[in-house]
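The values are calculated or read from the model by the stated rules, or taken from the named source; none is laboratory data. In this text, all values refer to a predicted model and were calculated from it rather than measured experimentally. Every residue, glycine among them, receives a Cβ derived from its backbone with ideal geometry; neighbour counts consider all protein chains shown.
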Amino acid sequence: MIEIKNLRKSFGKLDVLHDIDLTVEQGEVIAIIGPSGSGKSTFLRCLNSLETPTAGSIKIGAHTLKFNDKKPKEREIRSLRSQTAMVFQSFNLFPHLTALENVMEGLVTVQRISRETASTQAKGLLEKVGLAQKQDAFPIQLSGGQQQRVAIARALAMNPSVLLLDEPTSALDPELVGGVLAIIRELSKDKTQTMMIVTHEMNFAREVADRVIFMDEGKIIEMGTSDEVFGHPTHARTKQFLDQLYVGIEKNLGWGL
Amino acid sequence: MMNLLSTIQWEQLFDWQLAKEAAPYILKNGLWNTMWISVVTMTLGLLVALVVAIARMSPYRLLRYPARVYISIIRGTPLLVQLFILYFGLPVIGITLEPITVAIIGLTASVGGYASETIRGAILSIPRGQWEAATSLNMSYRQTMRRVILPQATRVALPSLMNSFLSLVKDTSLLTVITVPEMLYYAKIVGGRSYDYMTVYLIVALYYWVICTVLNALQERLEKHYNRFTNT
């Protein structure tokens, strides 16, 4: 369903991604973990062309886009992008629109669906993320967690083949993380929505991901089921990264692991 | 001090008798022109400004440079001089325009130049995440501008643009030098007839002040409307 070959991204002389290869099946949930600066977010942003890769190819569904020195055509970028939807770390809701209007916007403006139909669909999605009562609230009147749930509804409204989530809980206050994770967990349950999640929530990644990717310095270092990567990491760097996390947790909470 | 005040001949400064006749005359003949010229040139000027602002931010030099030159000319030369050049210069190259046409062109160009920088600044103040969110929904540049960026930029630009509008209303008084019959023009007619300029200028000053005060109130209401979705 998704096929990524030799994907490379450089910012000037700085190589951020080195020859990434990855195949993702329909309905799979992929968690991408790794230290900051490892290129996980850039990788995700390449998949919907928010960043234009330097080389390689991306195939999502029936659409393939090859990258080389020539800039790909706007039309091709958009047909690939129409297969994806993105949830951002900082929500990026449209502040001048209500929650309902935020969810409707893509349907009305991009997909040219009538306002009535779009409104019905959007209400259904807000219900799905537990915010039916907040449909008329502006983003500023919502908590961070609520905003992110609206953002998830907005992304789902585009009916994407693959939902991309870029650190969806990193900007949230700790007590609000659970609600957002619960929504994502719910989405992962029926195994139809393909998802790629960049996250620092290791327990969550372990729980929901069918496969976990550990990235460092722009490369996929290790990839496997969550038990493989978290339970029996084979690569020294993965071990080191996970050890650091556990040590951190141990120190903070006084756990003995 | 008291002595000084008592020596002033107040009737030379302001003649009530004359004012009773002059005030309605100026208002009746001049106000309409002042107002419609202001509103029309502001509207046209904003359209010009939007196009110029977008051209100024374009990745294409062919759009960017002309926009920069235009802004530079408008901001770098006095409006009065621009009006003179249009009014006296164009006939030299064979284009003779009605004073009112010169007025519309001159003021529109002026608003277009100043407001374009306001609009550009407002557009640039909208966070990158808004562009990215719109792009990720697969909106085109135009759709993103129209549906996401401009509605937010309007709120940012509003105080400055209202300022421009107030300046414009007052700048219409310059049109009197190219014989456009607006408020100051009629004031000068009365002044010339009665040899009492001070009275009519004070009346005109009061009129401009009242118009600007009303517009100021309008601005506050507009700002309230736009601020409903923000904390600030």
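Structural remarks
- Residue count for the range A:58-94, restricted to those that are over 16 Å from the mean Cα position of the chain (by Cα) and more than 15 Å from A:C46 (Cβ to Cβ): 10
- Verdict on A:R154 being buried (at least 24 other Cβ atoms within 10 Å of the Cβ) and closer than 22 Å to A:L126 by Cβ: yes
- The residue of the range B:148-204 that is nearest to B:R128 (Cα to Cα), among those that are charged (D, E, K, R) and part of a helix (DSSP H, G or I), is B:R155.
- Qualifying positions in the range A:144-154 - closer than 13 Å to A:Q89 by Cβ and at the interface with another protein chain (Cβ under 9 Å from one of its Cβ atoms): A:A151
- Considering residues of the range B:41-95 that are among the hydroxyl-bearing types (S, T, Y) and exposed (fewer than 14 other Cβ atoms within 10 Å of the Cβ) only, the residue nearest to B:I105 (Cα to Cα): B:T43
- Taking the range A:180-206 as the range and being in a helix (DSSP H, G or I) and over 16 Å from the mean Cα position of the chain (by Cα) as the test, the residues that pass are A:K189, A:N203.
- Among the residues of the range B:47-105, not one is polar (S, T, N, Q), more than 25 Å from B:F165 (Cα to Cα) and in a helix (DSSP H, G or I).
- Scanning the range A:91-117 for residues that are in a loop (DSSP other than H, G, I, E, B) and on the phi < 0 side of the Ramachandran plot yields A:L93, A:F94, A:P95, A:H96, A:L97, A:T98, A:Q111, A:I113, A:S114.
- Residues satisfying the stated conditions in the range B:137-147, i.e. over 14 Å from A:L107 (Cβ atoms) and either polar (S, T, N, Q) or in a loop (DSSP other than H, G, I, E, B) (or both): B:S140, B:T144
- Candidate set: the range B:205-232, residues that are among the polar types (S, T, N, Q) and part of a helix (DSSP H, G or I); chosen: the one farthest from B:M162 (Cα to Cα): B:N227
- Options B:S110, B:S116, B:S58; residue that is of a type in the set (S, T, Y), free of Cβ contacts under 8 Å to residues at least 24 places away in the same chain and either out of contact with any strand residue (DSSP E or B) (no Cβ under 6 Å at 6 or more places or on another chain) or closer than 21 Å to B:I178 by Cβ (or both): B:S58
- Only residues that are closer than 29 Å to B:I105 by Cβ and of a type in the set (D, E, K, R) were counted in the range B:177-202, giving 2.
- For the range B:145-157, the set of residues classified as surrounded by 18 or more Cβ atoms within 10 Å (Cβ to Cβ) and within 9 Å of chain A (Cβ to nearest Cβ) consists of B:R147, B:V148, B:Q152, B:R155, listed by residue number.
- In the range B:109-143, of all residues being more than 9 Å from chain A (Cβ to nearest Cβ) and β-branched (V, I, T), the one that is surrounded by the fewest Cβ atoms within 10 Å (Cβ to Cβ) corresponds to B:I126.
- Of residues in the range A:131-168 being farther than 24 Å from A:Q26 by Cα and of a type in the set (V, I, T), the one modelled with the highest pLDDT: A:V150
- Tallying residues that are of a type outside the set (A, V, I, L, M) and part of a strand (DSSP E or B) within the range A:6-52 yields 10.
- Hey, B:V204 buried (at least 21 other Cβ atoms within 10 Å of the Cβ) and under 30 Å from B:V81 (Cα atoms) or not: yes
- Residue tally, condition within 14 Å of chain B (Cβ to nearest Cβ), within 27 Å of B:I149 (Cβ to Cβ) and buried (at least 22 other Cβ atoms within 10 Å of the Cβ), over the range A:53-79: 0
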